Amino acid sequence: MFEAPASVAIKCSECELEFSKYERGGRVNGLFTVLIAIILIVIAVGIENTFRPPLWLQAAFWAPVTVGTVIYSLRLFKTVLLYASFENAKEPSE
């Protein structure tokens, strides 16, 4: 379903379903990424104010946590959006 860490493939490699007609624009994904960033910043500031860890430890911890969180939450978000678009595009059964 994904051809890159957070990029939806053009079509399914198994069933040949075209994902491009269900893919939404980047505005919603950008807004979702900003919300994730705000949440991570609030958590990082809370940890800084509570424990006061050294700067190198914060950088070593938050860099991979941020990248992993953004990639995997975008994958989940895009999967949910694709599924919702697919379900809305299906013809109602009679």
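None of the figures in this text is laboratory data; all of them are computed from the coordinates on show. Remember, it's a predicted structure, so these values are computed and weren't measured experimentally. All Cβ positions, even for glycine, are placed from backbone atoms using ideal geometry, and neighbour counts span all protein chains on display.
Observations, loosely collected:
- Residue of A60, A44, A84 that the Gaussian network model of the chain assigns the largest fluctuation, springs spanning Cα pairs under 10 Å: A60
- For the pair Q58 and F2 in one chain, pulling the backbone fully straight at 0.36 nm per residue adds 17.1 nm over the alpha carbon distance.
- Between E87 and C12, the C-beta separation translates, for a Förster distance of 25 Å, into a calculated FRET efficiency of about 0.95.
- Using just its DSSP H runs of length 4 or more, each adding -39500 (n - 2.57), the chain gives a mean residue ellipticity at 222 nm of -23500 deg cm²/dmol after division by all residues.
- Axis angle, to the nearest 10 degrees, between helix 26-51 and the longest C-alpha principal axis of the chain: 20 degrees.
- Derived from the Cα gyration tensor, the three semi-axes of the equivalent ellipsoid of the range 38-91 are 36, 11, 5 Å, largest first.
- Our analysis of the chain gives Rg over Rh at 1.15, with the two radii drawn from alpha carbon positions and Rh computed by the Kirkwood formula.
- Among the trypsin sites (Lys or Arg not before Pro) in the range 25-94, those located in a DSSP loop and surrounded by at most 16 other Cβ atoms within 10 Å of their own Cβ are K90.
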